């Protein structure tokens with residue numbers, strides 16, 4: 001298949017670099033669902049994980065390789081490339097291949113630092129040794145896999161002349177893609193343009209490979225740097241959904257894709273992304289990772305297509321293009337006026353959800369319809385935002401080990417805050433416990449800890465209203481870390497050190513105490529799976 005020289009491959013690393021965000025860990029089942037959604041959206045390369053990090057990561061990548069890596073893409077396109085990350089060590093490369101070998105189009109991605117500060121303080125290697133190691137490991141990866149990507153870590157702070165040497169040797173050793181990462185988000189767009197331009201002009205054999213860019217957002221310049229790199233000749237962009245990732249995050253998929261789409265006359269570049277999937281995948285990732293999207297986030301934030309200022313509203317009523325450079329429908333938002341309430345039927349709900357991009361099986365529709373009717377009894381009108389919250393809470397949750405069967409709280413100034421929680425356990429039995437706390441949420445969480453025998457530290461708790469009004473749905477996101485030390489840790493690909501794992505949860509209800517309980521219980525269920533006490537199928 002001939003690829004246009006102006007085609008930009010979208011390499012999504014949400015499941016690898018994105019999942020390294022504190023608290024963003026996903027279960028294998030959740031990662032598989034995200035991978036399926038990315039494939040439906042038309043992502044070219046899915047970096048499914050870092051197999052050497054843990055046995056769970058290896059198995060998760062293997063499952064994605066088998067299922068998503070052998071499913072044709074949109075409109076009969078080939079399956080996405082499934083990529084596994086590996087440090088420049090034979091053991092890592094062995095495990096990467098073990099995980100991805102079942103994909104129709106596997107790729108090994110190996111990396112080695114090239115900046116003076118990394119070579120001296122982290123690797124403790126001379127430049128000559130770095131060149132030899134890069135050659136050796138690319139050659140070794142090539143014995144397994146025809147498609148090998150090599151990254152000189154911290155390229156943004158590396159000496160360009162040294163980069164030309166390392167990259168030239170990687171090409172000779174068989175690398176098919178050369179990724180240039182601004183690992184610490186240090187460069188500015190003009191600097192990054194010159195770096196990529198120099199690589200395109202001075203690296204021997206560069207015309208035979210794809211140059212990729214991978215930028216971090218420490219200075220808020222990740223998208224700008226990525227676009228600068230593409231203008232300089234790079235033809236692969238490494239991104240994450242919602243821009244999640246280490247520290248301040250990665251280049252945002254939705255920002256790069258929509259910049260190229262909206263300003264096509266400026267860039268003259270194209271992608272294979274179906275942009276109408278962007279909003280839905282953003283919500284899926286946000287709820288699986290329990291990392292809320294900030295309201296003013298470009299493209300997918302709640303305010304991205306909202307207009308409150310009188311001047312803006314007046315202009316919008318006269319013509320949308322006065323204050324909108326893209327239509328919300330382009331990214332999957334729907335502004336239909338279809339009103340849903342307690343008298344609406346199953347067919348109306350199905351049609352409305354289909355308009356929003358949800359194609360549900362009958363069993364899924366039955367589950368959502370039951371919750372929709374319960375919500376409609378509490379609200380006169382169920383808005384689109386309510387439906388989005390309902391969908392994420394109904395379909396995008398971890399399979400439950402413990403389920404919330406009942407909850408009652410008392411609080412106020414006249415007594416101690418008390419919560420009585422009733423859970424159904426994996427054995428099918430009902431368990432009840434009452435606890436006292438500093439407030440109703442604290443009391444609920446202490447009761448859940450007692451019933452599940454998990455004692456977690458609540459690292460983050462956030463609540464927001466989905467819609468306006470006193471009857472609005474409340475969405476709660478939490479991030480929890482186990483206190484009892486029995487959760488296996490993961491190896492960081494950058495430092496090689498083990499890191500403590502944290503787990504996120506999400507809940508949505510008109511009662512925010514119930515939403516808080518559901519969010520915490522979702523995180524606890526993930527934690528229980530990670531301890532090995534239960535599996536997602538239990």
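Values quoted throughout were computed directly from the atomic coordinates according to the rules given, and no laboratory measurement underlies them. Predicted model only: the values in this text are computed from it and were never measured. Cβ placement follows ideal geometry from the backbone for every residue including glycine, while neighbour counts extend to all protein chains displayed.
Figures for the structure shown
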quantity: Isotropic mean projected area of the C-alpha convex hull, the range 119-166 (nm²); calculated: 3.6 nm²
quantity: Over the range 9-289, equivalent-ellipsoid semi-axes from the Cα gyration tensor in Å; calculated: 26, 22, 17
quantity: Gap separating the Cα centres of the range 414-455 and the range 224-265, nearest whole Å; calculated: 44 Å
quantity: Relative contact order %, the chain, counting alpha carbon pairs below 8 Å whose residues are six or more apart; calculated: 12 percent
quantity: Radius of gyration and Dmax over the Cα atoms of the range 146-280, both given in Å; calculated: 14.4, 43
quantity: Convex hull of Cα atoms in the range 38-153, direction-averaged projection (nm²); calculated: 7.3 nm²
quantity: Efficiency of FRET from Cβ geometry, residue 36 and residue 438, R₀ 60 Å, rounded to 0.05; calculated: 0.90
quantity: Structure-based [θ]222 nm, the chain - -39500 (n - 2.57) summed over DSSP H runs of at least 4, per residue, nearest 500; calculated: -11500 deg cm²/dmol
quantity: Centroid-to-centroid separation of the range 1-60 and the range 195-212 [C-alpha atoms, Å]; calculated: 25 Å
quantity: Contour minus Cα-Cα distance for residue 465 and residue 378 (0.36 nm per residue); calculated: 29.8 nm
quantity: Debye-sum result for the chain in log10 I(q)/I(0), which assumes one identical scatterer on each alpha carbon, at q = 0.11 Å⁻¹; calculated: -1.00
quantity: Degrees, to the nearest 10: 384-395 long Cα axis against longest axis of the chain; calculated: 80 degrees
quantity: Relative contact order, percent, the range 144-204 [alpha-carbon distance under 8 Å, six or more residues apart]; calculated: 46 percent
quantity: Degrees between helix 127-144 axis and first principal axis of the chain (Cα, 0 to 90, nearest 10); calculated: 70 degrees
quantity: Antiparallel DSSP beta bridges within the chain, as percent of all bridges there, nearest 5; calculated: 50 percent
quantity: On Cα atoms only, tilt of 160-173 relative to the major axis of the chain in degrees; calculated: 90 degrees
quantity: The range 59-106: C-alpha gyration tensor shape, a/c 1.5 cut-off, then a/b vs b/c; calculated: prolate
